[in-house]
Every structure is written in C-alpha cells, then in structure tokens.
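Working notes, structure below.
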Amino acid sequence: NAGVMQNPRHLVRRRGQEARLRCSPMKGHSHVYWYRQLPEEGLKFMVYLQKENIIDESGMPKERFSAEFPKEGPSILRIQQVVRGDSAAYFCASSPKGLAGAGEQYFGPGTRLTVT
Amino acid sequence: AQKITQTQPGMFVQEKEAVTLDCTYDTSDPSYGLFWYKQPSSGEMIFLIYQGSYDQQNATEGRYSLNFQKARKSANLVISASQLGDSAMYFCAMNNLGTDKLIFGTGTRLQVFP
C-alpha cells in the first residue's frame, strides 16, 4: 500500500509565477490536509478537504492560495503570483476518516518550494 | 485557543541512554488527542505515538512512551535506549476531537552522540 505521494519534491519558481503542488492520498483515504512549514518552524495547518469539498480553510491566506480535491485525481494546492515569503515546505497528510475519534494523519514527503 | 509549547530547542543524549522531550499544551476542550512526530534531516514527517485525553494509560510504541500528565497538561515523549538514528527534530501536536487540524509545537532538535 503506497504512502501519501507528493510531487514535485522540489519546486523552484520566480516571483510572480504560479506554483502547483500535488498530493495523492493513501489508498482508501478520503481526507486530505495541507500544512506549511517555514524554515526552522513547526507545521502550520492550512486547509482540510474531503472529495470535492473544502471542510476547513481557516489556515489559508486570503489571497493567492487555493486548494481543491476533485472527485478524480490528486489534491492540488495552488499558489498564484508567488512571493519570496512563500518559500517553505508544504506537506500533505491524509487519513481514512477525520481525526475525531483518534488515529494519526499520514504525511507525505513534502514539496519544498523555493521562490527566487 | 489551542497551543502547544516545546521549550527545549535542542537536546543532546548519549547513545543507549533515555531522553525526555517536553511538551505542554493548552486547550479548554475536554476531548483532545496528542501526537508526536519525528522529522529527520530528509524532511519527512514520521508518526510516532498518540495519546487520547480519555486514555487511562500512557501510550507506548516500542522505545517510545508518552508521559501523559493531564492535570499539568503535559505530554512528554520518552525515548529509551537512544540510537544514532534517533537524531532528528521532534514535534508535539494536538487536535481537539471534533476538529481535524493538528496544532504543532516549534519542535526539539535531538542529537544522539556515540
């Protein structure tokens, strides 16, 4: 059973370009979470999605950031018009059900975004 | 608001010794979960151990145990018989049951020396 897949693992973008980060959850998992880790910091929650629905986007910046989890295919985190402050590691996690009731989130290897 | 505090930016331990990594939390919700993750230099997040707020016994997973002191709101990770491969960042995290986002602490960098 493959783990959570993220691609690309490393992404370099110039200021003003768009960044698209993809996450394929573990087989059978329908809950996806995105987190951002700035250098030397802990992970910060961004958004929680189920298939075709955004459940909680309280950690998403109001502008330039969007996320989706379509019926078919991976979850996508999209950052438009990137700025240097967007440079970070972006982690995706999945779970078979919501955390309510315990259990862990399985994390992907992360995408390291560098904005030049 | 929920908060996780890890007061040790770095810890050193000799191989084969035990080490305790501190974690305190703050929440007003009676139902919550506590997690520990390991992040080696390669960057991935590895789940180590989970403790539910209503669990009567401290969680254990192999060499990892969670020293859960509910009244003190602490959830320290104990690693027994440290190995060189334990050198990594360790993050404490929590969620309130009923919400699905994890709140992470700032982490502790553990270095195991021979």
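The values are calculated or read from the model by the stated rules, or taken from the named source; none is laboratory data. The shown structure was predicted, so the numbers you read here are calculated from the model rather than taken from an experiment. Quick reminder, even Gly has a Cβ in these numbers, built from the backbone with ideal geometry, and neighbours come from all protein chains shown. Just so you know, the surface numbers come from the protein's heavy atoms only, side chains and all, with ligands and any DNA or RNA stripped out. Shrake-Rupley method; radii C 1.70, N 1.55, O 1.52, S 1.80 Å.
Of the residues B:Thr60, B:Thr24, B:Thr99, which exhibits the maximal mean-square fluctuation in a Gaussian network model of chain B defined by a 10 Å Cα contact cut-off? Result for chain B, Cα springs under 10 Å: B:Thr99 fluctuates most. Of all segments of chain A bounded by trypsin sites (Lys or Arg not before Pro) found in a DSSP loop with no more than 15 other C-beta atoms within 10 Å, the longest spans A:72-96. Remark: for residue pairs A:Lys51/B:Lys38; A:Lys62/B:Lys73; A:Lys71/B:Lys101; A:Lys97/B:Lys3; A:Lys51/B:Lys3; A:Lys97/B:Lys70, the C-alpha separation exceeds 31 Å in A:Lys62/B:Lys73. With all protein chains kept in place, the per residue accessible area of chain A amounts to 50 square angstrom at a probe of 1.4 angstrom. Using the empirical formula 2.2 N^0.38 Å as the baseline, the Cα radius of gyration of chain B reaches a ratio of 1.02. Measuring between their Cα centroids, the range A:24-102 and the range B:18-49 lie 20 Å from each other.
Each 10 Å bin from zero holds the following percent of Cα-Cα pairs in chain A: 15, 49, 30, 5, 0. Largest mean-square fluctuation among A:Leu43, A:Leu77, A:Leu21, in a Gaussian network model of chain A whose springs join Cα atoms under 10 Å apart, belongs to A:Leu43.
Per atom type, chain B shows carbon and sulfur on 49% of its accessible surface, probed at 1.4 Å. As a length-normalised measure over Cα pairs under 8 Å and 6 or more apart, the relative contact order of chain A settles at 37 percent. The contact residues of the range A:36-53, meaning those that lose at least 30 Å² of 1.4 Å-probe accessible area when all protein chains sit together rather than their chain alone, are A:Gln37, A:Gly42, A:Leu43, A:Phe45. Say R0 is 22 Å: what FRET efficiency, to the nearest 0.05, do A:Asn7 and A:Glu40 get from their beta-carbon distance? The value I calculate is 0.35.
Considering only B:Leu48, B:Leu84, B:Leu21, the Gaussian network model of chain B with Cα springs below 10 Å gives its largest mean-square fluctuation to B:Leu84. Its Cα gyration tensor gives the protein assembly as shown an equivalent ellipsoid. The semi-axes, each the square root of 5 times an eigenvalue, are 30, 21, 16 Å from largest down.
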